[in-house]
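Below: the structure, in C-alpha cells.
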Amino acid sequence: MEKAGKLTALKNFIEECWDELTKVTWPDFEQLKSATLVVILFVIIISGVIWLMDVLSRTVIGFIMGLFGAS
C-alpha cells in the first residue's frame, strides 16, 4: 500500500472512531459513584474469600503435616 492509501485509511479509521465515540452514552456522576462502590465492595469481598481460603488451606496442610511428624 502506498503512503497516500495509508493516510486515507488512517483518516477513515479516525473518523469512524470519532463517530462511534459520539454514540457512547457516558454515565452520569450518580451512576459512576454507584458502579465504583460496587467494584470496591466486590474487591473487598473477593479479598476476604481468598484470605479465608488461604487460612483454611494453611490450617489443613499444617494438620496433615503434623500427623506425619513434620513441623
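In region 13-51, which residue that is among the polar types (S, T, N, Q) and at pLDDT 95 or above is farthest from the chain's Cα centre (by Cα)?
This residue is Gln31.
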> Restricting region 56-71 to residues that are exposed (fewer than 10 other Cβ atoms within 10 Å of the Cβ) and of a type in the set (A, V, I, L, M, F, W, C), which is nearest to the chain's Cα centre (by Cα)?
Replying inline: Phe63
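The values are calculated or read from the model by the stated rules, or taken from the named source; none is laboratory data. All of these numbers come straight from a predicted model, not from anything done at the bench. Counting neighbours? That spans all protein chains shown, and the Cβs are built from the backbone with ideal geometry, glycine included.
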